[in-house]
Amino acid sequence: MFTFLRSDLTHLQAYTSAHVTLDTLDRLDGNESHVDLPTELKQKLAWTYQEIIAANRYPDGGHAELKQAIATYVNTSAQSSPAQPSPAITPAQISVGNGSDELIRSLLIATCLGGNGSILVAEPTFSMYGILATTLGIPVCKIPRHQENWQMDLAAAAQVIQTQATTASPVRVVFVVHPNSPTANALTNQEIDWLRSLPEDILVVIDEAYFEFCQHSLVGELAEHSNWVILRTFSKAFRLAAHRVGYAIAHPQIIQALEKIRLPYNLPSFSQAAALIALQHYQDLLTSVSQILSDRQTLIAHFQQQPTLRVWQSQANFIYLRLAETFPDSKDHEQALTQIRQGMEDKGTLIRHTGGGLRITVGSTAENQRTVDRLTKVLAERTIVAG
Ligand SMILES: *Cc1c(COP(=O)(O)O)cnc(C)c1O
């Protein structure tokens with residue numbers, strides 16, 4: 001009926017996120033932090049709204065103060081990760097988005113829109129690259145990963161780039177996540193070498209959404225690779241998912257392109273204030289990380305005891321599982337995973353079924369205990385049914 005809508009949108013599935021208002025569910029499907037902001041910081045933010053923010057005025061559309069604070073954080077936090085940026089990152093190398101999702105879309109518009117090229121992703125990976133590309137009519141080239149360690153199939157990647165180069169849709173952008181979602185592995189040295197070797201006419205987007213959990217960043221190499229962009233977000237370790245703030249770090253000319261494309265007032269005043277307060281107190285906020293990392297190892301050890309599961313090590317705040325080859329009724333893993341995810345929800349834990357497996361966020365210690373108990377029960381019930 002609505003013939004004015006583009007036909008290629010018909011088959012596209014919208015990104016689904018659980019819409020939960022009940023606090024009784026353990027929400028371990030979104031990789032957010034399980035800890036809210038400390039009360040003192042919320043009070044500070046409330047005070048800022050009361051006393052500083054003029055609700056009748058547009059926000060600061062230039063984000064100058066926030067960019068400066070982000071640059072300082074990036075330079076300071078890079079001390080251990082493994083190389084510090086030299087020269088230091090400046091605000092001219094930063095663009096701020098309404099979540100890093102907005103920056104992903106802006107990067108796609110800046111590079112591939114209008115039949116200008118395609119993107120390359122290694123599956124399974126963060127689904128938004130493909131979803132946003134498809135909404136813009138941009139072709140998505142997909143390559144696989146090796147299952148042992150989830151390293152990208154680099155031979156396949158090189159092949160795709162070569163083949164596409166002779167078509168009307170050459171690969172303009174390679175998207176990688178470091179560490180990857182949903183598989184939770186960091187880039188290997190071989191993958192990083194491959195990124196270094198890519199020609200300058202390909203944009204390399206390194207999504208470091210989980211940097212604070214893994215502490216390894218490629219920001220120190222930006223000066224040597226002007227075709228690289230690093231994306232970060234406040235939605236995960238910084239506990240600000242509600243506020244939708246992400247940032248890109250790149251060469252000033254790439255940043256200028258992003259600034260042209262974004263909407264003038266893309267970041268509400270309240271969100272800017274929240275990100276600024278979070279950066280002023282980042283050491284306090286990031287104290288939650290070490291507990292999450294140690295709970296993660298406990299969870300992995302529990303999952304490893306389940307003979308029907310296959311579990312991988314994680315460099316982030318979530319764990320990726322698949323069903324073992326020996327899983328009962330193993331002909332249809334996707335259907336089994338759908339049932340397991342639903343079984344977990346019925347018992348009160350939301351997890352994500354994606355990329356041929358299950359992705360489970362590390363929550364509070366109590367939530368994690370319930371995850372183990374409930375998953376054990378769900379798997380046992382299935383085994384009985386299948387057996
Ligand atoms: C969560 C996540 C993001 C963050 O997106 P926001 O829009 O900033 O909330 C970006 N990339 C990856 C890989 C993620 O997992």
Q) Pick from Ile138, Ile109, Ile131: which is in contact with a Gly (Cβ under 9 Å, 6 or more places away or on another chain), of a type outside the set (Asp, Glu) and within 25 Å of Thr16 (Cβ to Cβ)? A) Ile138
Q) Which of (1) over 21 Å from the mean Cα position of the chain (by Cα); (2) open to solvent by less than 60 Å² (accessible area, probe 1.4 Å); (3) under 30 Å from Pro170 (Cβ atoms) does Ile53 not meet, given it meets every other one? A) (3)
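Do we have any residue at all in the stretch 180-195 that's open to solvent by 40 Å² or more (accessible area, probe 1.4 Å) and among the charged types (D, E, K, R)?
First pass over the stretch 180-195, keeping only residues open to solvent by 40 Å² or more (accessible area, probe 1.4 Å): 189-190, 193.
After this cut, where a residue has to be among the charged types (D, E, K, R) as well, the list is 193.
There is at least one residue in the stretch 180-195 that is open to solvent by 40 Å² or more (accessible area, probe 1.4 Å) and among the charged types (D, E, K, R).
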Q: Read through the list (1) more than 11 Å from the ligand (Cβ to nearest atom); (2) open to solvent by 10 Å² or more (accessible area, probe 1.4 Å); (3) not acidic (Asp, Glu), then give the number of the only condition that His243 fails.
A: (1)
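Does Pro252 qualify as being within 15 Å of the ligand (Cβ to nearest atom) and over 21 Å from the mean Cα position of the chain (by Cα)?
Values: within 15 Å of the ligand (Cβ to nearest atom): no; over 21 Å from the mean Cα position of the chain (by Cα): yes.
In short, no.
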Q) Can you find even one residue in the stretch 118-128 that is among the hydrophobic types (A, V, I, L, M, F, W, C), closer than 28 Å to Ala241 by Cβ and more than 16 Å from the ligand (Cβ to nearest atom)? A) no
Q: Just one of (1) touching a residue at least 24 places away in the same chain (Cβ under 8 Å); (2) more than 24 Å from Leu66 (Cα to Cα) trips up Ala165, so point out which.
A: (1)
Q.
So, in the stretch 304-333, how many residues would count as being more than 17 Å from Thr354 (Cβ to Cβ), surrounded by 18 or more Cβ atoms within 10 Å (Cβ to Cβ) and under 23 Å from the mean Cα position of the chain (by Cα)?
A. 1
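Could you check the stretch 333-366 and list, in sequence order, the residues that are of a type outside the set (A, V, I, L, M, F, W, C) and under 15 Å from Lys377 (Cβ atoms)?
So in the stretch 333-366, the residues of a type outside the set (A, V, I, L, M, F, W, C) come out as 333-335, 338-339, 341-343, 345-349, 352-357, 359, 361, 363-365.
Those that are of a type outside the set (A, V, I, L, M, F, W, C) and under 15 Å from Lys377 (Cβ atoms): Gln339, Arg341, Gln342, Gly343, Glu345, Asp346, Lys347, Gly348, Thr349.
Condition test on Val205, is it within 13 Å of the ligand (Cβ to nearest atom), out of contact with any Leu (no Cβ under 8 Å at 6 or more places or on another chain) and closer than 17 Å to Ala248 by Cβ?
Working: within 13 Å of the ligand (Cβ to nearest atom): yes; out of contact with any Leu (no Cβ under 8 Å at 6 or more places or on another chain): no; closer than 17 Å to Ala248 by Cβ: yes.
Here the answer is no, as Val205 does not meet what is asked.
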Q) If a residue has to be within 16 Å of the ligand (Cβ to nearest atom) and not in a helix (DSSP H, G or I) to count, how many in the stretch 75-107 make the cut? A) 5
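Before we move on, is Asp36 over 25 Å from the mean Cα position of the chain (by Cα) and open to solvent by 60 Å² or more (accessible area, probe 1.4 Å)?
no
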Q: Would you check which residues across the stretch 136-152 are touching a residue at least 24 places away in the same chain (Cβ under 8 Å) and within 16 Å of the ligand (Cβ to nearest atom) and list them?
A: Arg145, Trp150, Met152
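Among the listed residues Ala110, Ala133, which satisfies the condition of being open to solvent by 30 Å² or more (accessible area, probe 1.4 Å) and either touching an Asp or Glu at 6+ places or on another chain (Cβ under 6 Å) or away from the ligand (no atom under 13 Å from the Cβ) (or both)? Lay out the reasoning, then the answer.
Values: Ala133 fails: open to solvent by 30 Å² or more (accessible area, probe 1.4 Å).
Sole residue among the options that is open to solvent by 30 Å² or more (accessible area, probe 1.4 Å) and either touching an Asp or Glu at 6+ places or on another chain (Cβ under 6 Å) or away from the ligand (no atom under 13 Å from the Cβ) (or both): Ala110.
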Q) Which residues, counting only those in the stretch 246-280, are crowded, with 21+ Cβ neighbours inside 10 Å, in contact with a Phe, Trp or Tyr (Cβ under 6 Å, 6 or more places away or on another chain) and farther than 20 Å from Val219 by Cβ? A) none
Q: Provide a single number: the residues in the stretch 155-181 that are part of a strand (DSSP E or B) and within 16 Å of the ligand (Cβ to nearest atom).
A: 5
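The values are calculated or read from the model by the stated rules, or taken from the named source; none is laboratory data. Note that the structure is predicted; figures quoted are calculated from it, not measured. Using ideal geometry, Cβ is built from the backbone for each residue, glycine included, and neighbour counts are taken over all protein chains shown. To get the accessible areas, we keep the full protein, side chains included, count just its heavy atoms, and leave off ligands, DNA and RNA. Shrake-Rupley method; radii C 1.70, N 1.55, O 1.52, S 1.80 Å.
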